Amino acid sequence: MKKPIAVLFDMDGLMVDSELTRAESFKNVIRNHGVVVKEKIPHVIGVRVLDNWVIMKDKYGLKEDPAKLMEEGEEEYTKLIEKKMPITMPGLFQLIDYIKKVNIKRAVVSSAGIRHIKIKLEKLKLTDFFETMVSGDMLTKGKPDPEGYLLAAKKLGVDATDCLVLEDAPSGVQAAKAAGMLCVAIPSTYTKNGDFSQADLILKDLREVIAILK
């Protein structure tokens with residue numbers, strides 16, 4: 001595999017084990033509108049928050065506008081992560097410590113809103129580690145569209161072909177490959193049964209990425 005100049009990190013499910021917390025925020029809002037939710041994970045992992053609320057509106061027959069539902073959901077999610085920050089995924093800080101030692105550019109490219117990216121990075125004490133951030137609310141199209149990854153490469157001043165993307169969700173892998181980037185998939189408990197056939201490599205945890213960067 002070609003040695004990358006930049007590493008682009010997804011966040012939820014890749015850096016932090018936050019999918020159940022995000023799911024709880026969706027479920028709480030849907031229940032507040034009088035609808036029963038029986039699924040453990042009602043949302044589509046790796047998809048932009050607004051796009052998910054479009055899906056939720058149709059799926060659960062909600063009357064409210066998706067943008068209004070998203071506003072309620074974002075407030076609920078903020079309360080949840082402020083109260084209890086999701087734990088980090090295995091190998092995150094080992095990989096970060098290695099990247100700090102070598103000349104590799106880095107960015108976060110997440111389907112989440114910028115508010116929640118900043119909260120998590122602050123709690124992880126990683127605000128200064130990343131050179132730039134791309135959030136779902138900065139984009140006209142979310143993953144699997146490549147817009148977010150292409151924007152991150154532009155912000156870092158590197159070619160797409162010099163970027164390595166780290167993803168836990170099939171939609172993110174599709175976005176990375178559509179952008180012309182290398183992509184390593186590290187499936188989580190909640191995405192392990194997804195289609196990762198487009199990934200250049202599938203690894204067990206973030207620690208294993210270090211070998212690729214050497």
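What dipole magnitude, in Debye to the nearest 20, does the chain give about its Cα centre under +1 on Lys/Arg Cβ and -1 on Asp/Glu Cβ?
That gives a dipole near 400 debye.
Name the most mobile residue of Thr140, Thr191, Thr78, meaning the one with the largest mean-square fluctuation, in a Gaussian network model of the chain with Cα contacts below 10 Å.
Thr140
Report, in deg cm²/dmol and to the nearest 500, the calculated mean residue ellipticity at 222 nm for the chain, where each DSSP H run with n ≥ 4 adds -39500 (n - 2.57) and the sum is divided by the residue count.
Details: 8 runs with 88 residues, N = 214.
The helix-only estimate for the chain comes to -12500 deg cm²/dmol at 222 nm.
Can you list residues whose amide H is under 5 Å from Leu201's amide H, if they're 5+ apart or on another chain and H is modeled 1.01 Å from N?
Cys183, Ala185
Between Ala67 and Lys3, what is 0.36 nm times their sequence separation minus the Cα-Cα distance? Round to one decimal in nm.
On the way: separation 64, 0.36 × 64 = 23.04 nm, distance 4.07 nm.
Extra length available between Ala67 and Lys3 comes to 19.0 nm.
I'd like the antiparallel share, as a percent to the nearest 5, of DSSP beta bridges with both residues in the chain.
Numbers: 1 of 19 bridges.
The answer is about 5 percent antiparallel.
Each residue of the stretch 110-125 in turn: what ³J(HN,Hα) in whole Hz from Karplus with 6.51, -1.76, 1.60 and θ = phi - 60°, glycine and Pro shown as x?
10, 6, 6, x, 4, 4, 6, 4, 5, 4, 5, 5, 5, 5, 7, 6
If you average the C-alpha positions of the stretch 145-214 and of the stretch 73-94 separately, how far apart do those two centres end up, in angstrom?
Here the two parts' Cα centres lie 21 Å apart.
For the stretch 21-36, take each phi angle, set θ = phi - 60°, evaluate the Karplus expression 6.51 cos²θ - 1.76 cosθ + 1.60, and give the result in whole Hz per residue in order, putting x for glycine and proline.
Here the 3J(HN,Hα) series is 5, 4, 4, 4, 5, 4, 5, 4, 5, 4, 5, 4, 9, x, 10, 7 Hz.
How would Ser171, Ser188 line up from fewest to most surrounding beta-carbon atoms within 10 angstrom?
Details: Ser171 22, Ser188 17.
Ascending Cβ contact count within 10 Å gives the list Ser188, Ser171.
Quick query: amide H of Val134 versus all other amide H atoms, modeled in the peptide plane; which residues come in under 5 Å with a sequence gap of 5 or more or a different chain?
Val108, Val109, Ser110
What FRET efficiency would be calculated for the residue pair Leu20, Arg207, taking the C-beta separation as r and a Förster radius of 30 Å, to the nearest 0.05? Before the final figure, lay out the partial values.
Details: r = 23 Å, r/R0 = 0.76.
It comes out at approximately 0.85.
Round to the nearest 0.05 the FRET efficiency obtained for Ile104 and Ile41 when R0 = 30 Å and r is the Cβ-Cβ distance. Could the numbers behind the result be given before it?
Working: r = 33 Å, r/R0 = 1.09.
The formula returns an efficiency of 0.40 here.
Among Thr78, Thr21, Ala67, which residue has its Cα furthest toward the positive end of the charge dipole of the stretch 19-83, with +1 on Lys/Arg Cβ and -1 on Asp/Glu Cβ?
Most positive-ward Cα: Thr21.
Here are several values of Kirkwood radius over Cα pairs in Å: (1) 18.1; (2) 16.8; (3) 17.3. Which one was derived from the coordinates shown?
Step by step, Kirkwood radius over Cα pairs in Å for this structure corresponds to label (3).
Name the residue, out of Val29, Val102, Val16, whose mean-square fluctuation peaks in a Gaussian network model built on the chain with Cα pairs under 10 Å.
Of the options given, Val102 has the highest mean-square fluctuation.
Considering the dipole of the chain built from charges on the beta carbon (Lys and Arg +1, Asp and Glu -1) around the Cα centre, which of Pro4, Thr191, Ile210 is farthest to its positive end?
Comparing the listed Cα positions along the dipole, Ile210 ranks first.
Just so you know, all these numbers are worked out from the coordinates, no wet-lab data involved. The shown structure was predicted, so the numbers you read here are calculated from the model rather than taken from an experiment. Please note: Cβ atoms are built from the backbone with ideal geometry, for glycine as well, and neighbour counts cover all protein chains shown.
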